[in-house]
Each structure stands twice: as structure tokens, then as C-alpha cells.
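Read the structure below first, then the notes.
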Amino acid sequence: MWWDERVSARVRRNLQPTLTYWSVFFSFGLCIAFLGPTLLDLRCQTQSSLSQITWVFFSQQFCLLLGSCLGGVFKRTLAQSLLALFASSLAISLVFAIIPLCHNVVVLAVVMAVAGLAMGCIDTISNMQLVKIYQKDSAIFLQALHFFVGFGALLSPLIADPFLSDTNCILANGTANASSNLPHIRKSLLPHHPGNLSHYDLPMKGMVVTRVSYAFWIMPLINLPVPIAVFFLLYKERMVPCFNGSSHPLLSADELALETRPGDKDELSTAAQRPHTAAGHEDLFSCCQSKNFRGVSFTYFAVHITGALVLFMTDGIVGEYSGFVYSYAVEEPLAVVHKVAGYLPSLFWGFITLGRLISIPVSYRMKPATMVFINVVGVLITFLLLLIFSSSVVFLFVGTASLGLFLSSTFPSMLAYTEDILQYQGCATTVLVTGAGIGEMVLQLLVGSIIHDRGSYSFLVCGMIFGCLAFTFYALLVFFHRMYPKPCPELDEASPEKAAVPEDTGQYQR
């Protein structure tokens, strides 16, 4: 076995919740990737303009960010977490089923906003729960978690593809030219940048002939086992109001902590009897309360901020590269054929998924800090080579695959590294998830504006700048890590708060 018996024992005792959190992240991936390829058919369904329908992107992304900020609200107890995950995964299934019934673009935007809130809650809660269960062993399980979001993101477009319209899905006079450009328009749709396609004249009135509804009815059937799995975990934990499970609840991480700290058993049982609100892993608004800042050093804030800034840059690169690589490829000097250029986003996401799969065993042997260093340096070198060989179509494909591979494990590795620095008592998960979400939205908007003003070559220049900034912020994080105060064993033994630590970090807190 490529991991030790201690980790294996912990996995066996937490197998069901671990598999449940992984499956919920599959729902996240399934929902995050379908909108791009289906947006033109949804435009026909709602009989709206391109500029109107592309703002549906914004409603999903903005509410995803909002849901990530609010996700920690449901993290105070296991019951709240599981109920929030059940509601979120069920909401995603319902959204898929409702989308074919949305014949107004405003209604569709509201439905996608609900999906965004659900995705944000899933993102924050699933990451937090795995960190709380596995603590210093969490890196490998976070890598697996993010593999499932990549798997869902790959599967979703594959389901939709057979049902997408090959010609314009609103039949009206004079649509021949628009129909011939449809594959190019589909791949050029960019979130928050409806102006990029304003020169295409697509009809808004006529007979709607899209078949995309079938894809949206298949997706909830595929996703339905996920809320069922969460409900079953609720049942096993005896947290379903109408049912009293006869089986014993799953072994809590508190009990796991007792296996390695048997002397704390009496203290832990005493602490469990009094009301408790976890000191760390709160929602973003609770993290910002002044009472959490008393007596902490400036390095506490620096670790949170620099960690979030690294993910702001790297997740921003993921968003801007996947969104603009097609547009960059079809412009001069490369002038790649539209059909060939269409493989670039798929190649990018495919290697992100492959990289996350490879990172699962690698993360057990390699420290999270080392993995993040390799990632940011790899991103920097890849962009440098893309700039040097900017006229090579072959290297664009090689660089796209390389970039996906290096970016794949950055988020889970950074999360594990930062939580480890803070001894699992800060607000790292909430802050990092929020920083990553803001970066993906803001940098995509920024790069789109720059490309519009400066031309397609600025796409790679921006990526190089963001890569340099990511490396700089990572170097600052390592610097602040060295300055961060280490816990004193003698003081820790005498601390009256010691008994609360396993309860906060081990979790299955009821």
C-alpha cells in the first residue's frame, strides 16, 4: 500500500462521509461546465440576444462567489453541513430539470443564480469537512475531491454535445450566414463579455427547433444519486427528523483523535457537554469579526492574505485561459482553423482532470508546499515558453496541456498547506475559496477588456504577469510561514482550551 496503516484506518472509519463529499463535488463539476456549450441553444429557447444571454454567466458566477462566502454559516455542526449539502445537491438536480421550462432570459438568470448559490455552498463545505476530518492527512483527499469536480466538468459537455444545434435553432429569413458561423460563435462565447460577439446578427424571432432540453433532463438523472447519498449519510447519523436510524452513527473524528491522544478523553467529554462554536472554519463574515483578531500576530493575517492571493492568480489563470485560448488561437498570427482550435479548451480541462488524478498518489509522498512551488514555477515557465514560441501552433497545444497539468493541483495543495500553517484554527478554507472565486471572475473580465483594446497577443502577456504575481505571493507566504509562531508544547498542555481543539479540528460534531 502506498500509504501507511494509520491513514488506511482513518479512511475505513470515514469512508462513507468521504465518498459523499467527493460525490457532491461531482455535482459541482457537472453544473459548472454545461452553460458554455449550451448557451446558444438557451438563447434560442429564451429568444434573447447574445448580449442578454451571456449575462446568465454573470448571475451564476456572482452567486457562486456569494455562496462560497456564506457556506461557512452551515459549518457549525455536522447536521447543518449535511443538510446544506443535501439541499444544494438537490437544488442542482432541480435546476437541470427546470432549465427547459425557462422561456424568459430573466427567469433563466434567476434559476442559474440559485445553482450558483448551491455550488458555492458545496465548494466551501466539502473542502472544510475534509480538512476537519483528515487534518494533516487532508492533502491527498483534497486532491481526490478536486478530481471529481474535473470529472463532472468533462462529463457535462459530453452529455450536452449530441443535442446541440448544428444550425441556427431559431428559423427565420436570412439566417444562412449566421448559421454557418454558429460553431465559431459557440466557442467564442465569453462570460461577462457580450460585446465580443455583437457583430453577429442572429434572429430573435421565429420557430425554435432546439433539442437541448433532452440534455438537461438527462443530467438530473445522473446527478440524482448524489442527494440520495447525502440523505443516506444524514440517516446513518440519525439527523433526519422523521426517521430514527437503528444503526450506530459513523465513527466521529473526535473518536479518531482519541486513538492518538487517549489522555485527553476526560477533557474531551467535558468539553463536548458545553455549547461550542468552532474557533476556525467560520463563514467569511464571522471570520471578519473583530473578536477573532484579538491577540493574533500580523503573520496570521499575512498567511490568509498571501494564500488567497496565490489562488486569486492561479484560479484567475484557469478562468481566463479556458475562456480566451480559443479566441487567441483563431486570430493572427496563428490563425488556427476553428474546428482545430475548438479542441484547445477540451485539452486544457482534460489535462487539469488528469493532473488531479495523478496528484492523488503524489500528494501522499510530497509536501503541499513543494507541490505548490512546482505548480507556480511550472505555470511561469509554460507562459514564458508560450511567449517565446508564440508563432507555433504545435507548442500552443503542448503549452495548453502543460498549463492544465501544473494548475490542476494548485488549489487543494494550497488549501492543505495554509491550513497546516494555521494548525487548522484559522479561516483559511473560507478565505481561500472566496479569493479563488473572485480571481476567476475578475481576471477573466480584466483580460477580456485588455484583449479587446490591445489585441490577442496580450492574452499571453497577461498570463505571464499573473504567473509572476502568483510566484511572488507564494514566496511571501513561505516567508510568513517561517515567521509564524510555532505552538509551544508546554503551553499547549497547560492551556484550558486544549480539549476543544480535537472537537474543532476532528469533526463529526453533532
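The values are calculated or read from the model by the stated rules, or taken from the named source; none is laboratory data. Remember, predicted model here, so these are calculated numbers, not experimental data. Positions of Cβ are generated from backbone atoms using ideal geometry, with glycine treated the same way; all protein chains shown enter the neighbour counts. Surface accessibility is based on the protein's heavy atoms, side chains included, excluding ligands, DNA and RNA. Shrake-Rupley method; radii C 1.70, N 1.55, O 1.52, S 1.80 Å.
A compact table of results
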item	result
Inter-site label distance for ILE388 and ARG454 at 7 Å from Cα along Cβ, in nm	2.2 nm
By accessible area with a 1.4 Å probe, ligands and nucleic acids excluded, highest first: order of ILE125, ILE374, ILE159	ILE374, ILE159, ILE125
Charged-residue dipole, Cβ positions (Lys, Arg, Asp, Glu), the stretch 295-487 about Cα centre, Debye nearest 20	500 debye
Summed side-chain charge close to PHE148 - residues other than PHE148 whose Cβ falls under 14 Å, Lys, Arg +1, Asp, Glu -1	0
Exposure of LYS486 as accessible area (Å², to 10), given a probe of 1.4 Å and all protein chains	130 Å²
Förster-model FRET efficiency, 22 Å R0, SER8 and MET366, C-beta, rounded to 0.05	0.70
